[in-house]
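Inspection log for the structure reproduced underneath, given as structure tokens.
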Amino acid sequence: MALLLANHSSYPRIGDGAGQQRLRRAYAQHERGEVTSRDFEAIQASVIQEIVQEQAGAGLDLVTDGQIRWYDPISHFAGRLDGVKINGLLRFFDTNFYIRQPVVVDRIFWKEPILLEEYRSAQAVSPKPVKVILTGPYTLGRFSIIESSRYRDVPELVADYTEALMKEVEALGKAGATLIQIEEPSMLHHPGDAGLVKVALTRIGSRKGSARLLLATYFGDAAPLYEALQGFPVDGLGFDFTYSRGLSDLITRLGSDKAIALGLIDGRNTRMERMEEILPTLRKVLPKVKGSPSYLTTSCGLEYLPRDKAYLKLKHMAAVRAEFVGRG
Amino acid sequence: MSRAKLKSLGIDLPILPTSSVGSFPKPDYLVDARAKFAKAKIERKELEDLERQATGYWIKTQEEIGLDVLVDGEMYRGDMVAYFSELMPGFEQSGLVRSYGNRYYHKPIIVGEARWPGPMTVGWWRYAQGLTKRPVKGMLTGPYTVMDWSFNEHYPDRRSACLALAREIRHEVEALVEAGAKIIQIDEPALSVRPEELPFAIEAMHVVTDGLPAYFILHACYGAFDTIYSQMLKLPVDNLDLAISHSTLNLMEMFRRDPFTKDLSVGVLDVHSHEVETPETVRTRIERALQLLPKESLWIDPDCGLKTRTVEEAKGKLISMVGAAKRLRVEAGAN
């Protein structure tokens, strides 16, 4: 029962420390036309290198590019597909963070890889494997506005978003991505649609090649869906334990054939968890998980925290694992 | 019922009273002064003089436009939660957190017992009310929103943080009432984000308002109101101000299922749009609300604070709003 340390997904792109505001400044200058797109990209790349090394330095086994180039989890991928325009701001679940809402105006069509170069460039500067993050087709569909007569409802959108994700996953797998995380937070708010997500993941999984697929849910209680999720065609399941009092007992009771990403560290609060809040759950749950490797991670992406606290959370996660491994 | 309460408080308002949600755009000289103050290039007194000047401008402007219940415009605030958390012991400011795009803010952290430090808004209310004979609303951010928009390193859970904040915020409400405020608006934009937490948000509102002689308005926006509507009627306030002018909610159906029992402030101006609505557009929105509730129960306002608009846009929008409301009053024979 290997337990790896993984960054969940996003990471703060600026900080309050020396030199950590350069992306914010460059962004504003780029918008005003004072910095070229090429120079702006170079600054983004340098920030990604910095935060990939920051994660590795904190002791993580698996890092992400921090989604530094993403405007938000919805519009970054959806907005680069044919047939999709981007609209105004919409609150992202119960956070104080806002996404830009996709408007589907024509047939959703994937014409070329969207995240491939982002993955390659991050992996090239990372001393650790880079996990790729993709927002899943159901969540993309739920956040989209339909303005095309081609689509009548969310399931029809999901079918074509799935088609796009199949091609993206195939390209990523061929490029060497070993772990691809598909995020479906919306499913927890519409549990009746879990079957739709399962069908989508079956199609996406058919193109993954040798990559492993991890289905991540957060911002809601996954316990009511836990048994059903064990039947999903993915290699691992990621859970946000901060929303679910019953989940750890449920996993302990039912076990898991799949690997689990244990989101036990709160990614939305600056308070550092006490060891006694985390270790008993790890000791209880992990022996019941057959899938391997499992991951210790935060409950969600870390962009909801300031940079200094996000880094401390990762360091703290490493300390928790050391304590866990040391004493068992 | 609530109109009788207003009368008992000595407030006599026309039907379809017009008001604003709270914030107005800051004039350029004040934006510059705030930037200089942040860099310690000017003294606090110089900044406050300009904040008073800008408050005076907005009181005069609201009177000229013809609004019935005025606001101070929040010239002294940057952010609706940060303003209070910077004054209250028990809070620290975090590093920068992204809100969207290239926008970042310092999110408060609750690090100890939150304490009321003495009046935080009363001086500004007194100043604004001293400039006009029309009623000026007292304006506060509610405990649920302060809790939800802060990190919590001190209280064991969200409920206890919210209730502790409510006890402190009540002191501010009491101070406003003592100073003479008759209408007090409590802003709770976060109210609907976690429907399962609404019971303790209501409990907290009881702590803030119970037994106090004022007409309370609760402003909420960004709402998943369809899921929490029936429970919202339990909030101990007189008026619910809901950002619903552009909502696709079937209010008719919601109101049929659970009859609306309070006054309703209807947001009829889209504060996120640069476009200045015509009086006809505003009129259509008011008429839609009049299909749901009697005119005696409706207040008319923008759907949120106008601070993100330019001064000219904000004024243009308010002129359309007041014009439409006055016209409808005349037609109803109740000018």
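Remarks
- Qualifying residue in the stretch A:85-98 (condition: small (Gly, Ala, Ser), under 21 Å from A:THR202 (Cβ atoms) and either within 14 Å of chain B (Cβ to nearest Cβ) or crowded, with 16+ Cβ neighbours inside 10 Å (or both)): no
- Residues satisfying the stated conditions in the stretch A:278-313, i.e. under 17 Å from A:ASP16 (Cβ atoms) and either away from every other protein chain (no Cβ under 14 Å) or open to solvent by less than 10 Å² (accessible area, probe 1.4 Å) (or both): A:LEU302, A:LEU305, A:PRO306, A:ARG307, A:ALA310, A:LYS313
- A:PHE93 meets all of the listed conditions (1) at positive phi; (2) aromatic (Phe, Trp, Tyr); (3) in contact with a strand residue (DSSP E or B) (Cβ under 8 Å, 6 or more places away or on another chain) but one, namely (3).
- The stretch A:137-173, residues that are in contact (Cβ under 8 Å) with a residue 12 or more places away in the chain, under 22 Å from A:PRO191 (Cβ atoms) and not aliphatic (A, V, I, L, M): A:PRO137, A:TYR138, A:THR139, A:GLY141, A:ARG142, A:PHE143, A:SER144, A:PRO155, A:TYR161, A:THR162
- Residue satisfying condition, being more than 19 Å from B:ALA243 (Cα to Cα) and not small (Gly, Ala, Ser), within set B:PRO143, B:PRO195, B:PRO189: B:PRO143
- Screening the stretch B:90-103 for residues that are buried (at least 17 other Cβ atoms within 10 Å of the Cβ) and in contact with a Pro (Cβ under 9 Å, 6 or more places away or on another chain) and picking the one that is farthest from the other protein chains (Cβ to nearest Cβ) gives B:PHE91.
- Filtering the stretch B:52-89 to residues that are touching a residue at least 40 places away in the same chain (Cβ under 8 Å) and either open to solvent by 60 Å² or more (accessible area, probe 1.4 Å) or farther than 20 Å from B:LEU176 by Cα (or both) leaves B:ARG52, B:LYS60, B:THR61, B:GLN62, B:GLU63, B:ILE65, B:GLY66, B:LEU67, B:GLY78.
- Checked against (1) in contact with a strand residue (DSSP E or B) (Cβ under 6 Å, 6 or more places away or on another chain); (2) open to solvent by less than 10 Å² (accessible area, probe 1.4 Å); (3) away from chain A (no Cβ under 14 Å), B:LEU165 meets all criteria but (1).
- Within the stretch A:86-182, helices (runs of 4 or more DSSP H) holding 2 or more residues that are farther than 30 Å from A:THR242 by Cα: A:116-125, A:154-174
The rows are residues; the columns are (1) within 19 Å of the chain's Cα centre (by Cα); (2) open to solvent by 60 Å² or more (accessible area, probe 1.4 Å).
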residue	(1), (2)
B:GLU178	no, yes
B:THR209	yes, no
B:LEU240	yes, no
B:VAL271	yes, no
B:PRO279	no, no
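- Checklist (1) within 14 Å of chain B (Cβ to nearest Cβ); (2) within 30 Å of A:LEU4 (Cβ to Cβ); (3) not small (Gly, Ala, Ser) applied to A:GLU50, failing item: (1)
- Taken over the stretch A:68-84, the residue count meeting the criterion of being open to solvent by 40 Å² or more (accessible area, probe 1.4 Å) and either in contact with a strand residue (DSSP E or B) (Cβ under 7 Å, 6 or more places away or on another chain) or facing chain B (nearest Cβ under 9 Å) (or both) is 2.
- Qualifying residue in the stretch A:17-35 (condition: more than 14 Å from chain B (Cβ to nearest Cβ) and open to solvent by less than 20 Å² (accessible area, probe 1.4 Å)): no
The values are calculated or read from the model by the stated rules, or taken from the named source; none is laboratory data. Keep in mind that what you see is a predicted model, and the values were worked out from it rather than measured. Counting neighbours? That spans all protein chains shown, and the Cβs are built from the backbone with ideal geometry, glycine included. For accessibility, only protein heavy atoms count, side chains too; no ligands or nucleic acids. Shrake-Rupley method; radii C 1.70, N 1.55, O 1.52, S 1.80 Å.
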